[in-house]
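Quick note: the coordinates plus some simple rules give every number you see, no bench work behind them. Since this is a predicted model, take the numbers as computed values, not measurements. Backbone-built Cβ (ideal geometry, glycine too); neighbour counts: all protein chains shown.
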Amino acid sequence: RLDREDGRSAPGEAPGNRAENIGDRGLAGEGSAQCVELFAFLGGGRFERLGAFGFSPEGRTAADGLAPRVDREVIDARIETIMKFQRRVIEERNISLVGQTADAIVDVVSDDRARGRTEGDAPDIDCGVHIVGSNFEENFEEDFEAGEIVKVRFTGHSGYDLIAQRAD
């Protein structure tokens with residue numbers, strides 16, 4: 001969530017900072033000064049959801065004719081830097097959530113687990129929640145239904161995703 005007039009959140013502001021993408025890295029004319037400014041901005045805020053993508057020229061658009069173009073290797077390196085930083089932010093966030101409860105919407109159910117997401121997370125894009133059993137007798141296909149909202153307690157994390165057990 002970016003609230004200020006300049007569209008930026010101040011460091012430590014709003015614990016629910018969300019940015020679905022941080023924009024087009026590698027737009028024609030983007031130089032190292034703009035990247036340094038972006039990296040400083042990212043370091044000053046803690047975004048729960050953030051992604052980056054590289055500029056891809058598309059015919060018949062205003063950006064297609066812009067020059068000078070940024071090399072693909074430079075674009076990829078900038079995205080990698082952003083996402084390495086973001087992975088650390090997400091891991092710290094996930095560690096802080098262990099032991100807490102939240103609502104999760106169930107997206108997929110299999111015989112040994114359910115996969116879902118918390119409020120604000122897009123399916124197959126943002127962080128997910130793997131709902132696992134607390135004992136070996138649970139039948140996930142009978143106990144969970146896709147589209148159902150369930151209360152979960154976070155018990156751990158793996159990469160970008162949280163591990164949880166049903167709490168209700």
Problem - Protection proxy ranking, peptides 121-132, 96-107, average beta carbon neighbours within 10 Å, highest first - result: 121-132, 96-107
Handout entry: Inter-probe distance in nm under a simple model that places probes 7 Å from Cα toward Cβ, at LEU27 and GLU119
Key = 3.2 nm
Problem - Whole-angstrom gap from the stretch 50-69 to the stretch 93-168, using each part's C-alpha centre - result: 37 Å
Handout entry: Overall Cα dimensions of the stretch 32-168, principal axis frame, Å, largest first
Key = 61, 34, 21
Completion exercise
Expected unfolding gain across GLU142-VAL36 under the 0.36 nm per residue rule, minus the alpha-carbon gap, is 33.0 nm
